[in-house]
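This report concerns only the one structure given below.
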Amino acid sequence: VARLITLVENEAPGLREVAAALVKYTGHAQVVGLTGPPGVGKSTTTNALVAQLRRDHQRVGVLAVDPSSPLSGGALLGDRIRMQDHATDDGVFIRSMASRGHLGGLSAAVPQALRVLDAAGFDVILLETVGVGQAEFEVASLADTTVLLMAPGLGDGIQAAKAGILEIADVFVVNKADRDGADQAARDLRHMQSLASTKAGGWSRPILKTVASRGEGIDDLLTAIAAHRDWLAASGCLADRRQARASAEIEAIAMGAVRARFAAVHGSAALGESAARVVAGETDPYLAAEQLIAAL
Ligand SMILES: Nc1nc2c(ncn2[C@@H]2O[C@H](COP(=O)(O)OP(=O)(O)O)[C@@H](O)[C@H]2O)c(=O)[nH]1
Ligand SMILES: [Mg+2]
């Protein structure tokens, strides 16, 4: 599994063959995204979820993704250390991915890594992202079920999160409920939720309280995640989401291929030549672009 994910990350030769071989084994795993501001307790929650899922005899894959960082920095390294609780358990696979080295970007690499884990037979894949920016939003949208974590005193985090993520989150968690202000944070979330447009289909998005560091509330979180999976299947939304995800996946691969072909066919010389003609007023940028595209 580790080698296949490396192959995906490097877009190595052989990826096409592997993708073709894997596809018939996919579609079983439930992908659960965990997102929220740094320090809110995503890794601690992931760790607690893994422990409980293992007690339930579920096989668990964990993908910790940092879409905005060019390096696999301290946060992900810390996660790896925490995850060593499960390092010797062959029912658990843990991997970090940062954006460094991905030619096609994480938008292409993460879905393929998910396919590898799915085909390898993991029942649940936990997808932890760092932060709540646009790139994290894209990663979160790869999940069947998205869990948004908040914590008391992270009101600014809620503000930062409200653009988009509140709309794609299916389950809300106020972690660090051992701290003052957890009820207020839950009320704030409820209020933000009422302002955000609701998803169609009648899933009412629960707001749970957890103390991940002590494993409290993790059972309820897993129950909510399972309930969401059942609702997805019964409502037909699972098929819709997977269709939308496959579309995004194909588009990312196609755009990457077009970009690569553009670079291979035109190099920087042809682009420079067109640019010079635009600067000299001999042609306009639309026509120049059209000619370059026509030559692909
Ligand atoms: N008091 C308290 N601390 C927590 C809780 N959950 C996590 N933490 C601590 O918060 C810090 C950040 O947690 P981490 O899981 O790394 O957050 P992440 O950046 O969202 O992955 C760590 O020091 C955790 O031990 C909790 O429920 N209560
Ligand atoms: Mg973390």
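The values are calculated or read from the model by the stated rules, or taken from the named source; none is laboratory data. Small disclaimer: the values here were computed from a predicted structure and weren't measured. Every residue, glycine among them, receives a Cβ derived from its backbone with ideal geometry; neighbour counts consider all protein chains shown.
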Looking at the range 272-296, which of its residues are of a type in the set (A, V, I, L, M) and part of a helix (DSSP H, G or I)? 275, 276, 278, 279, 287, 288, 289, 292, 293, 294
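Considering the range 264-284 alone, what residues qualify as being of a type in the set (A, V, I, L, M, F, W, C) and under 16 Å from residue 295 (Cβ atoms)? First the steps, then the outcome.
So the first thing to find is which residues in the range 264-284 are of a type in the set (A, V, I, L, M, F, W, C), and the list is 264-265, 269-271, 275-276, 278-280.
The answer is 264, 265, 269, 270, 271, 275.
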Looking only at the range 200-232, count every residue that is closer than 24 Å to residue 182 by Cα and in contact with a Cys (Cβ under 6 Å, 6 or more places away or on another chain) and tell me the total. 0
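Could you check how many residues of the range 14-41 are on the phi > 0 side of the Ramachandran plot and either modelled with pLDDT of 95 or more or not in a loop (DSSP other than H, G, I, E, B) (or both)?
From the range 14-41, those on the phi > 0 side of the Ramachandran plot are 14, 27, 36, 39, 41; that's our starting set.
If we keep only those that are either modelled with pLDDT of 95 or more or not in a loop (DSSP other than H, G, I, E, B) (or both) as well, we get 36.
Adding up the residues that qualify gives 1.
Every residue, every condition in (1) modelled with pLDDT of 75 or more; (2) β-branched (Val, Ile, Thr); (3) within 16 Å of ligand 1 (Cβ to nearest atom), yes or no:
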site	(1), (2), (3)
61	yes, no, no
68	no, no, yes
72	no, no, yes
76	no, no, yes
81	no, yes, yes
84	no, no, yes
91	yes, no, no
95	yes, no, yes
108	no, no, no
For the range 22-32, does any single residue satisfy the condition of being small (Gly, Ala, Ser) and crowded, with 20+ Cβ neighbours inside 10 Å? yes
Looking only at residues in the range 167-214 that are assigned to a loop (DSSP other than H, G, I, E, B), within 9 Å of ligand 1 (Cβ to nearest atom) and surrounded by fewer than 18 Cβ atoms within 10 Å (Cβ to Cβ), which one is modelled with the highest pLDDT? 178
